1. Which Rg and Dmax, in Å, describe the Cα atoms of segment 180-309?
2. Please give, to one decimal in nm, the separation of the simple spin-label points placed at Ser370 and Ile420, each 7 Å out from Cα toward the Cβ.
3. For segment 284-348, which whole percent of the accessible surface, found with a 1.4 angstrom probe, sits on carbon and sulfur atoms?
4. Calculate the FRET efficiency for Leu343 and Ile204 from the Cβ-Cβ distance with a Förster distance of 51 Å, rounded to the nearest 0.05.
5. Given the C-alpha centroids of segment 221-269 and segment 399-460, what is the distance between them in whole angstrom?
6. Suppose every Lys and Arg Cβ carries +1 and every Asp and Glu Cβ carries -1, with no other charges. What dipole size does the chain come out with about its Cα centre, to the nearest 20 debye?
7. Output the relative contact order of segment 13-457, whole-number percent, from Cα pairs under 8 angstrom with separation of 6+ residues.
8. What helices does the chain have that are whole DSSP H segments, at least 24 Å long along their own axis by Cα, and with mean Kyte-Doolittle hydropathy of -0.5 or more?
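The values are calculated or read from the model by the stated rules, or taken from the named source; none is laboratory data. This is a predicted model, so every value here is computed, not measured. As a convention, Cβ positions derive from the backbone with ideal geometry for all residues, glycine included, and neighbour counts pool all protein chains shown. Accessible surface areas use protein heavy atoms only, side chains included; no ligands, DNA or RNA. Shrake-Rupley method; radii C 1.70, N 1.55, O 1.52, S 1.80 Å.
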Amino acid sequence: MKKKTGFTGQLGFIFAAAGSAVGVGNLWRFPYLAAKDGGGVFLLIYLLLVFTVGFVLLTNDLAIGRRTGRSAIYAYESIRKKWKFLGIITFLVPVIIMTYYAVIGGWILKYIALFLSGNVNVAAQNNCFSNFISSKNSVYYSLVFMALTAIIVYSGVDKGIERVSKIIMPILLVMIIGIAIYSLTLKTTTDNGQVRTGLQGLAIYLKPDLTGMNISRFLQISLDAMSQLFFSLSVSMGIMITYGSYVNKDVDLQKSVSLIELMDTGVAIIAGVMIIPAIYVFSGVNGMSAGPGLMFISLPKVFSQMLAGRFIGFVFFVLAAFAALTSCISVLESLVANYIEILNAQRQRATVVVSIIYLIATAIIALGYSVFYVEVILPNGSTGQLLDIMDYISNSFMMPFISFLSSIFIGWVIGPKWIIEEVERNNKAFNRKVLYTFVVKYCLPIIMFILFLQSTGLFNYFKS
């Protein structure tokens, strides 16, 4: 089915795709992993992987989308009918992710409200976050975020997604750079007389820490970097295939991939400059925590101790809301696009139907810490509630598995030449053709299989 709308040009496409890639994971997961995994060691490994593995995964998705003109399910089927199952599995990832992404967006809205109203000390309390998510009132914030996402997607690709992305992404970049510069100027004296500065925190972030480095630790850092890249670029979940299907045929795909990589990686690295020095100054080296705890517990404490902390905290959570919104838009758009293709439906009707379904799903997941509370031990050893279960299934299980299958499909079934021909359309140069071919055929299958084993907890089983 022919697409009725699309991106008006390369700039709009790049901002929309980068907006999808730049999510809250850039703001809480990347800095945490960098602090945990030896600072500069993690950064170097991550950069190496971005411009090899990340480049290949992103190129694959965008080229498949543009060449077929279809979203995930029918894209794979149109290439090889027997591989339609891969399109279906890929489509299921955003189906699951959409159940909880607006919930996280709702949490961010709550903290925007706290800082806007001047309740900084309330936000900095240890039990503020846990009390909020376990309250039934938390569902209203998540529903507002979901409704806002639906309104933008309802407006269409060019008038909704592209227009919003062109506004939000430049603002997000300016805000994150501004807070990062401010973090470097911070300074405090502890009770025991120790002086801690933002520049010292920056050194901890950037300087490679080789303490205790061995093959096992190096491998774990590499797997952490790969998993972060994997989730950060929005690959292997059908989103970039959908966005690729909206791209004009005269757009330079290789240039677009490079710019998306640079923008996404730049935001992640600058986020580290923004967060790690600030936490070091006010909380020391032990102030970092994984996941939501970093954004909703550690950082509010930091903001409460800062000069102009109310303003800086407000700006930070607005920034986080922008990052969450652009990612949430891309997930919902992928679902709407597949709905349109499967049922040959009108865009507005498809958006309304899908949005109603996910308003209900969002409410259920948001209430998973209160009304629908459950607690299970996941295969990777962690304990989680409804949101954690959905996140584990989509991110830890399905996405590495899909990347493994797609690397086999592209590298050994249709061949790398199929992708290369699309990148070189209209005589566009593909300067990394040799690198692309080598990585997609020989590196990706191995890396993705190991990542799948590690994410599901099977890697440790085989090591033992």
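1. 18.8, 63
2. It works out to 5.7 nm between the two label points.
3. Result for segment 284-348: 61 percent of the exposed heavy-atom area is carbon or sulfur.
4. According to the calculation, E is roughly 0.45.
5. 14
6. My answer is approximately 820 debye.
7. Values: 706 pairs, mean separation 145.4, N = 445.
Here the relative contact order equals 33 percent.
8. 84-116, 138-154, 163-184, 215-232, 253-283, 309-343, 347-366
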